[in-house]
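Inspection log for the structure reproduced underneath, given as structure tokens.
The values are calculated or read from the model by the stated rules, or taken from the named source; none is laboratory data. Just so we're clear, the structure is a prediction, and the values are computed from it rather than from any experiment. With ideal geometry, Cβ positions are generated from the backbone for all residues, glycine too; neighbour counts draw on all protein chains shown. For accessibility, only protein heavy atoms count, side chains too; no ligands or nucleic acids. Shrake-Rupley method; radii C 1.70, N 1.55, O 1.52, S 1.80 Å.
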Amino acid sequence: MHAMTVLGPVDAADLGIILPHEHILIDLRHHAFAVEAILDDPDLAVEELQCFRTAGGGSVVDVTNRYMGRSIETQVRVAHETGLHVIASTGYYTELYYPPHIYQWSTNKLADEMIGELRLGIGDTGVRAGIIGEIGTMRDAISPAGERVFRAAARAHLQTGAPVSTHVLQDELAHDQMDLLQEEGVDLRTVIIGHQGDHRNIDYLASIAERGAFVQIDHVGMEFYQRDSARASLVAQLVALGYVDQILLSHDVCFKRLLHWWGGKGYDHVLTGFVPMLRDAGVAEADINRILVENPARALARFS
């Protein structure tokens, strides 16, 4: 089984240590923190991701889709200049970033757009997406347009085998997301539920894992949301409950302040700062390897 990178298919077993939820360039101009959440310097992207490579990293998944600042040219450049495997994404983020055709096309036509980027390539680049994401919900309820996006993503997944990676705020819509995908016939073992490291309730995280999905702790380093020591404790508790095979770790770099250039911890923090915390929390080396290497490789592996 292989993962689809921007330079072509790669044996999933050769991906090395994987960051499954990052942004290389991104433009979140519709948020209140717009200036802080616009990363648009390709040279800096190369420099920052080289730090992850130097720390032992092997692959990075850029879940920036077409309508939130995706740059295929920069992804390819990062892959060439750092030696990292880079996986591009397709799909639609949250409703603030939906293009007008979300409200005009059928669900199947929306799915066809994703399928085209997964099977044929993105625009005229020839570069194929390797994941569907990040597709998101806002707070409280999934909107009608959001429901159509999730159903379209499910149908694109069923046609291509590409995993689905979601965005969910600090609420309980993860189960609503999984319900929609499951109604469309998606095996939840191919679904990554994002942004779960900011919770306090371990029972809630366990309830996601119990349904088979990956629980992604992907705000590592964002201590303005939750202390990393608390996230390390969550990981240790999930491991103790028997869910080690469903844990993923990443940073979700999307703010300037997270990059080394602006005094942040960078894309290498999972390896240089967070893994030692996992050891201190009692997580065994074999389990850390499963979380960093084996789990994301399994999540990204596909046949078509």
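Here Leu241 meets the list (1) over 30 Å from Asp11 (Cα atoms); (2) touching a residue at least 40 places away in the same chain (Cβ under 8 Å); (3) not basic (Lys, Arg) almost entirely, failing just condition (2). Confirm whether Gln196 is under 16 Å from Leu19 (Cα atoms) and polar (S, T, N, Q). The answer is yes for Gln196.
Can you run down the residue pairs with Cβ atoms below 7 Å, 6 or more apart or on separate chains, where the first is in region 176-197 and under 11 Å from Phe150 (Cα atoms) and the partner is among the hydroxyl-bearing types (Ser, Thr, Tyr) and buried (at least 23 other Cβ atoms within 10 Å of the Cβ)? Correct list of pairs: Gln177/Thr137; Gln177/Thr166. Within region 5-20, the set of residues being more than 12 Å from Ala299 (Cα to Cα) and either within 16 Å of the chain's Cα centre (by Cα) or at pLDDT below 95 (or both) comprises Thr5, Val6, Ile17. For region 99-110, the count of residues that are touching a strand residue (DSSP E or B) at 6+ places or on another chain (Cβ under 9 Å), modelled with pLDDT of 95 or more and open to solvent by less than 10 Å² (accessible area, probe 1.4 Å) is zero. Given the conditions (1) buried (at least 21 other Cβ atoms within 10 Å of the Cβ); (2) modelled with pLDDT of 95 or more, report the number of the one that His199 does not fulfil. Condition not satisfied by His199: (2). Of the residues that make up region 181-190, is at least one within 22 Å of Met68 (Cα to Cα) and not small (Gly, Ala, Ser)? The answer is no; no qualifying residue exists.
Could you say whether any residue in region 40-51 is more than 25 Å from Gly16 (Cα to Cα), open to solvent by 10 Å² or more (accessible area, probe 1.4 Å) and either touching a residue at least 24 places away in the same chain (Cβ under 8 Å) or in a helix (DSSP H, G or I) (or both)? Before you say what the answer is, go through the steps one by one.
Going residue by residue through region 40-51, those that are more than 25 Å from Gly16 (Cα to Cα) are 40-41.
Retained after the next criterion (residues that are open to solvent by 10 Å² or more (accessible area, probe 1.4 Å)): 40-41.
Now narrow it down to the ones that are either touching a residue at least 24 places away in the same chain (Cβ under 8 Å) or in a helix (DSSP H, G or I) (or both): 40.
Checking region 40-51: at least one residue is more than 25 Å from Gly16 (Cα to Cα), open to solvent by 10 Å² or more (accessible area, probe 1.4 Å) and either touching a residue at least 24 places away in the same chain (Cβ under 8 Å) or in a helix (DSSP H, G or I) (or both).
Residue count for region 144-172 under the criterion of being without any contact (Cβ under 8 Å) to a residue 40 or more places away in the chain, surrounded by fewer than 22 Cβ atoms within 10 Å (Cβ to Cβ) and hydrophobic (A, V, I, L, M, F, W, C): the result is 2.
When you scan region 118-136, how many residues do you find that are small (Gly, Ala, Ser), more than 19 Å from His85 (Cβ to Cβ) and surrounded by 22 or more Cβ atoms within 10 Å (Cβ to Cβ)? Walk me through how you get there before you give the answer.
Taking region 118-136 and keeping what is small (Gly, Ala, Ser), we get 121, 123, 126, 129-130, 133, 136.
Still in the running and more than 19 Å from His85 (Cβ to Cβ): 123, 136.
Cutting the leftovers down to surrounded by 22 or more Cβ atoms within 10 Å (Cβ to Cβ) gives us 136.
Number of matching residues: 1.
Taking the condition of being among the charged types (D, E, K, R), under 13 Å from Gly221 (Cβ atoms), in contact with a helix residue (DSSP H, G or I) (Cβ under 8 Å, 6 or more places away or on another chain) and open to solvent by 40 Å² or more (accessible area, probe 1.4 Å), how many residues in region 246-304 meet it? Please lay out each step first, then the result.
Here is the first cut: in region 246-304, the residues among the charged types (D, E, K, R) are 252, 256-257, 265, 268, 279-280, 285, 287, 290, 294, 298, 302.
Still in the running and under 13 Å from Gly221 (Cβ atoms): 252, 257, 265, 268.
Restricting the remaining residues to those that are in contact with a helix residue (DSSP H, G or I) (Cβ under 8 Å, 6 or more places away or on another chain) gives 265, 268.
From what's left, open to solvent by 40 Å² or more (accessible area, probe 1.4 Å): 265.
Qualifying residue count for the region: 1.
Scanning region 25-34 turns up no residue that is open to solvent by 10 Å² or more (accessible area, probe 1.4 Å), assigned to a helix (DSSP H, G or I), out of contact with any strand residue (DSSP E or B) (no Cβ under 8 Å at 6 or more places or on another chain) and not polar (S, T, N, Q).
Using the structure shown, decide if Ile72 is open to solvent by 10 Å² or more (accessible area, probe 1.4 Å), of a type in the set (A, V, I, L, M) and at pLDDT 95 or above. Spell out how you get there, then give the answer.
Details: open to solvent by 10 Å² or more (accessible area, probe 1.4 Å): yes; of a type in the set (A, V, I, L, M): yes; at pLDDT 95 or above: yes.
Yes.
For every residue, the table says whether it meets (1) among the hydrophobic types (A, V, I, L, M, F, W, C); (2) in a loop (DSSP other than H, G, I, E, B); (3) touching a His at 6+ places or on another chain (Cβ under 8 Å).
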site: Ile142; (1), (2), (3): yes, yes, no
site: Ala145; (1), (2), (3): yes, no, no
site: Val149; (1), (2), (3): yes, no, no
site: Arg155; (1), (2), (3): no, no, no
site: Gln182; (1), (2), (3): no, no, no
site: Asp198; (1), (2), (3): no, yes, yes
